[in-house]
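The values are calculated or read from the model by the stated rules, or taken from the named source; none is laboratory data. Values in this document were obtained by computation on a predicted structure and should not be read as measured data. Backbone-built Cβ (ideal geometry, glycine too); neighbour counts: all protein chains shown. Side chains are part of the model used for accessible areas, which takes the heavy atoms of the whole protein and leaves out ligands, DNA and RNA. Shrake-Rupley method; radii C 1.70, N 1.55, O 1.52, S 1.80 Å.
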Amino acid sequence: THDVLENLQDLLIAIQSIESNYRGFALTGKESYLQSSPASIITAKQDEATLRNMVVDNPEQQHHLAALDRLIAQKIQFAEIVISLRRAKGFEAAAEAIQSGQGQRIMDEFQGVVRELQGNELRLLALRDADAARRLGHTKIFLFLGTVLGLLIATAAGWSARRDSTRRGLAAEVLRNSEEKYRLLLDGVYDYAIFMLDPRGRVISWNAGAERIKGYRAKEIIGHNFSCFFPPEDIKRGWPQEMLRLTAARGRHEEEGMRVRKGGSRFWSRVTLTALRDPAGNLQGFSKISRDLSASKESEAKYRGLLEAAPDAMVVVNQGGE
C-alpha cells in the first residue's frame with residue numbers, strides 16, 4: 001500500500017508539472033518552460049507502468065489504471081495542442097484553448113481517478129488492520145486454552161507439555177513480529193494521517209504521518225476525542241459527532257474541509273472515515289485517513305498570481321457568461 005500511494009503521488013506530480021509547463025509557456029512564450037516537459041512525460045508513463053505491476057492481482061484497481069492511462073494520453077495531447085497554438089498563432093489562440101476548459105476537465109477527472117485508487121488502497125489497509133486485530137484476539141484465546149490444557153496434562157505427559165510450551169512460544173514470537181512489522185508499515189506512511197477511533201470518537205492508535213500533519217505525539221492525543229481536530233465553529237454545530245453518525249450508517253464518509261493542528265493553525269484536508277465492524281455486524285470503531293491539501297491549494301494560488309501578473313489584459317468568464 002505504501003509503495004502504491006508513493007507512486008500515485010509521483011504520477012500526480014508529473015502530470016501537474018506537464019500542466020504547469022504548457023500553461024507557463026502559453027502565458028510567456030518562453031521556451032524555458034518546456035525544458036522539463038519530456039522528462040515529466042517519461043516519468044508519468046513509467047509511474048503508470050509501475051503501478052500496473054503493483055496492483056496486477058486487483059481487478060478494480062486495474063480498471064482505474066486503464067482510465068488513468070487514457071487520461072494521461074489526453075493530457076499530453078492537449079498540452080501539445082496548446083504549445084502548437086502558442087507557437088503558430090500567438091497568446092490569444094493558446095489562451096482560448098486553455099479557457100475552453102478541456103484541460104481542466106481532464107485534470108479534474110485524472111485527480112478523481114487518483115483519489116479512487118488511493119481510497120481503495122487505504123480501505124484495504126484499514127480492513128487488513130481490523131482483520132489482524134481480530135486474528136490476534138483469537139490467537140490469544142487459543143494460546144490461553146493451550147496453556148490450560150498443558151497444565152492439565154503436565155503430570156501425565158511432561159515432555160508433551162514442554163513441547164506444547166515451545167510451540168506456543170514460537171507462535172507468540174511470530175505474532176509479535178507480525179504486529180511490529182505492521183506498526184512499522186504505518187509509521188512509514190508520512191503523507192497520510194492514519195489512526196483508529198473507538199465508537200465514541202476517541203483516538204486509540206496514531207501513526208507517524210498523523211504526528212507530522214496534526215502536530216500531536218501519540219502520548220498527547222491517544223484517549224482524546226478527535227473533535228479537537230475541527231475548528232470551533234464545526235464543534236459548535238456538532239459536526240464531528242454527525243460525521244461518526246453518517247459513517248456508522250453508510251459505512252464510509254469522505255469530505256474536504258478545514259482542520260486544526262496542535263497550536264491552532266488551520267489547514268485544508270481530505271478525510272476518509274470508515275466504520276469497522278466485527279463479523280456479527282457490531283460497530284467496533286472507525287479508521288480515519290486524512291491528507292494535508294495545503295500544498296495543492298498554494299500551487300493553485302501561485303498559478304493565479306502568475307495569471308494576474310501577466311502584462312496583457314485577461315478576463316475569466318464562467319459558463320454563464322459572467
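The separation of segment 19-81 from segment 201-252, counted between C-alpha centres, amounts to 35 Å.
For segment 199-280, the calculated P(r) over all alpha carbon pairs, in 5 Å bins from 0 to the bin holding the longest distance, is 3, 13, 23, 27, 21, 8, 3, 1, 0 percent. Axis angle, to the nearest 10 degrees, between helix 239-250 and the longest C-alpha principal axis of the chain: 70 degrees. Calculate how large, on average over all directions, the projected area of the Cα convex hull of segment 1-140 is; give the answer in nm² to one decimal. Projected area, direction-averaged: 9.1 nm². Accessible surface of Ile76, taken over heavy atoms with a 1.4 Å probe and every protein chain present, rounds to 20 Å².
Take peptides 94-103, 274-283 and line them up by average Cβ neighbours within 10 Å, highest first, as a rough protection proxy.
Highest to lowest by the protection proxy: 94-103, 274-283.
Protection proxy ranking of 17-23, 230-236, by the mean of other Cβ atoms within 10 Å over each peptide's residues and highest first, is 17-23, 230-236.
Using the C-alpha gyration tensor of segment 46-91, what are the square roots of 5 times its eigenvalues, in whole angstrom, with the largest one first? Walk me through the intermediate numbers first.
Values: eigenvalues 215, 17, 4 Å².
Here the semi-axes work out to 33, 9, 4 Å.
Ordered by solvent-accessible area of protein heavy atoms (1.4 Å probe), largest first, the residues Trp159, Trp206 come out as Trp159, Trp206. Taking 12 Å as the straight-line reach from the Cα of Lys214, the aspartates and glutamates in range (excluding those fewer than 8 positions away in the same chain) are Asp191, Asp292.
When the helices of the chain are scored as -39500 (n - 2.57) per DSSP H run of n ≥ 4 and the total is divided over every residue, the value at 222 nm lands at -22000 deg cm²/dmol. With the simple model of a label 7 Å out from the Cα in the direction of the Cβ, Glu96 to Asp3 spans 4.9 nm. Per the Debye formula on identical point scatterers at the alpha carbon atoms of segment 1-83, with no solvent, log10 I(q)/I(0) at q = 0.11, 0.15, 0.16, 0.23 Å⁻¹ is -0.32, -0.55, -0.61, -1.03. Scoring 31-39, 117-125 by mean Cβ neighbours within 10 Å over their residues and listing the highest first yields 117-125, 31-39. In sequence order, segment 196-205 has phi-based couplings of 10, 10, 7, x, 8, x, 8, 6, 10, 8 Hz under the Karplus curve 6.51 cos²θ - 1.76 cosθ + 1.60, θ = phi - 60°, and Gly or Pro positions carry x.
Under a 5 Å amide H cut-off, with hydrogens placed 1.01 Å from N, Leu276 pairs with Gln284, Gly285, Phe286, Ser287 among residues at least 5 apart or on other chains.
Using θ = phi - 60° in the Karplus curve 6.51 cos²θ - 1.76 cosθ + 1.60, the 3J(HN,Hα) couplings for segment 122-127 round to 6, 5, 4, 5, 5, 5 Hz; x is entered for Gly and Pro. How far is helix 294-308 tilted off the main Cα axis of the chain, in degrees rounded to 10, range 0 to 90? Rounded to the nearest ten degrees, it is 0. For the set His224, His2, His63, the ranking by accessible area, highest first and with no ligand, DNA or RNA atoms included, is His63, His224, His2 under a 1.4 Å probe. Entry for the chain at q = 0.07, 0.12, 0.13 Å⁻¹: log10 I(q)/I(0) = -0.41, -0.97, -1.07, Debye formula applied to identical alpha-carbon scatterers, no solvent contribution.
In this structure the amide hydrogen of Leu293, modeled in the peptide plane, comes within under 5 Å of the amide hydrogens of Trp268, Ser269, Arg270, none closer than 5 places in sequence on its chain.
Between the Cα long axis of helix 2-28 and the first principal axis of the chain there is an angle of about 10°, rounded to the nearest 10. With a Förster radius of 41 Å applied to the beta-carbon distance between Thr139 and Ser294, the computed FRET efficiency rounds to 0.45. Note down the accessible area of Lys45, probe 1.4 Å, to the nearest 10 Å². Surface open to solvent at Lys45 totals about 120 Å². With viscosity set to 0.692 mPa s at 37 °C, what whole-number translational diffusion coefficient in µm²/s follows for segment 101-143 from Stokes-Einstein and a Kirkwood radius over Cα pairs? Taking Rh from Cα pairs, D becomes 256 µm²/s.
Rolling a 1.4 Å probe across all protein chains gives Glu6 an accessible area of roughly 90 Å².
Quick check: residue separation of Arg200 and Glu31 times 0.36 nm, minus the Cα distance between them. What number comes out in nm? Intermediate results must be reported in sequence, preceding the final value.
On the way: separation 169, 0.36 × 169 = 60.84 nm, distance 5.70 nm.
The Arg200-Glu31 span can extend by a further 55.1 nm.
Rounded to the nearest whole Hz, the Karplus-based 3J(HN,Hα) values (6.51 cos²θ - 1.76 cosθ + 1.60, θ = phi - 60°) of segment 70-86 follow the sequence 4, 5, 4, 4, 5, 5, 5, 5, 5, 4, 5, 5, 4, 5, 5, 5, 5, with x at glycine and proline.
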